[in-house]
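First comes the structure, then the notes that go with it.
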Amino acid sequence: TAPVEALEAAGADVVLIGIESGSVKGKKGAVLDTDTTFDQLPADAIDSFDMLVIPGGGAPENLRIVDAAVDFTRRFVDSGKPVASICHGPQLLISAEVLKGRKTTSVNKIRDDIKNAGGLYEDAPLVVDGNLISSRTPRDMDVFNQAIVDALGAVGAQ
């Protein structure tokens, strides 16, 4: 929930996209309501968004097996707009096949998965490679939140 709070504090209109309608429960028990689902998004939905933030925890493991989520993520990365991930978030980027030759970081447990997908793993609190923004774990949350707020500001300035 910290990235949502940081973006909202910066004035962003945050839209939560889920696999199903309803509420999602975070790793630490926080409950958030989804605004829409990947299946409900129109083909040109990417035009309506300035940034994609992929959560960590167990969510990416669930998202990566949903074709609509994987396709949306692939198209969002290809759009050149900022895509941010933290912790296990790069699992969705791996399934979207967008990490080849790109620098990223994540929770240590999936670094081999990143490398096997052709990604260039870096063990750093924050890694930025073009439109990809990534952090390792919740202990890097402050630097991650600042990076996504800064990236959103850069998009808004264009």
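The values are calculated or read from the model by the stated rules, or taken from the named source; none is laboratory data. Just so we're clear, the structure is a prediction, and the values are computed from it rather than from any experiment. In this analysis, Cβ positions are derived from the backbone assuming ideal geometry, glycine residues included, and neighbour counts consider all displayed protein chains.
Taking the numbered list (1) within 21 Å of Phe144 (Cα to Cα); (2) touching a Leu at 6+ places or on another chain (Cβ under 8 Å); (3) of a type in the set (Gly, Ala, Ser); (4) exposed (fewer than 14 other Cβ atoms within 10 Å of the Cβ) in turn, Gly11 passes all entries but (2).
If you filter the stretch 125-149 down to residues that are of a type in the set (Asp, Glu) and over 19 Å from Pro60 (Cα atoms), you find that the one that is nearest to the chain's Cα centre (by Cα) is Asp129. Total residues in the stretch 19-49 satisfying the condition of being more than 25 Å from Gly80 (Cβ to Cβ) and of a type outside the set (Lys, Arg): the figure is 13.
Taking the listed residues Val143, Val127, Val98, Val107, the one that is β-branched (Val, Ile, Thr), under 24 Å from Asp71 (Cβ atoms) and at pLDDT 95 or above is Val98, with no other qualifying. Listed by first and then second residue, the pairs linking a residue in the stretch 26-51 that is under 20 Å from Gly11 (Cβ atoms) and among the charged types (D, E, K, R) to a residue that is assigned to a helix (DSSP H, G or I) and modelled with pLDDT under 90, with Cβ atoms under 6 Å apart and 6 or more places separating them unless they lie on different chains, are Asp50/Val155. In the set (1) out of contact with any helix residue (DSSP H, G or I) (no Cβ under 7 Å at 6 or more places or on another chain); (2) without any contact (Cβ under 8 Å) to a residue 40 or more places away in the chain; (3) among the small types (Gly, Ala, Ser), the condition left unmet by Gly80 is number (2).
Looking across the stretch 85-96, not a single residue is surrounded by fewer than 24 Cβ atoms within 10 Å (Cβ to Cβ) and in contact with a Phe, Trp or Tyr (Cβ under 9 Å, 6 or more places away or on another chain).
Counting only residues that are buried (at least 16 other Cβ atoms within 10 Å of the Cβ) and either under 15 Å from the mean Cα position of the chain (by Cα) or of a type outside the set (Phe, Trp, Tyr) (or both), how many does the stretch 97-124 have?
Looking only at that region, the number is 15.
Hey, could you check the stretch 75-84 for residues that are outside any helix (DSSP H, G or I) and over 10 Å from the mean Cα position of the chain (by Cα) and say which is surrounded by the fewest Cβ atoms within 10 Å (Cβ to Cβ)? The extreme case among them is Gly80. Per the listing Asp123, Asp140, the residue uniquely touching a residue at least 24 places away in the same chain (Cβ under 8 Å) and of a type in the set (D, E, K, R) is Asp140. Applying the condition of being small (Gly, Ala, Ser) and crowded, with 16+ Cβ neighbours inside 10 Å to the stretch 55-72 and asking which residue is nearest to Ser135 (Cα to Cα) yields Gly56.
Considering the stretch 1-74, the qualifying strands (runs of 3 or more DSSP E), each wholly inside and each with 2 or more residues that are farther than 18 Å from Asp142 by Cα, run over 23-25, 31-33.
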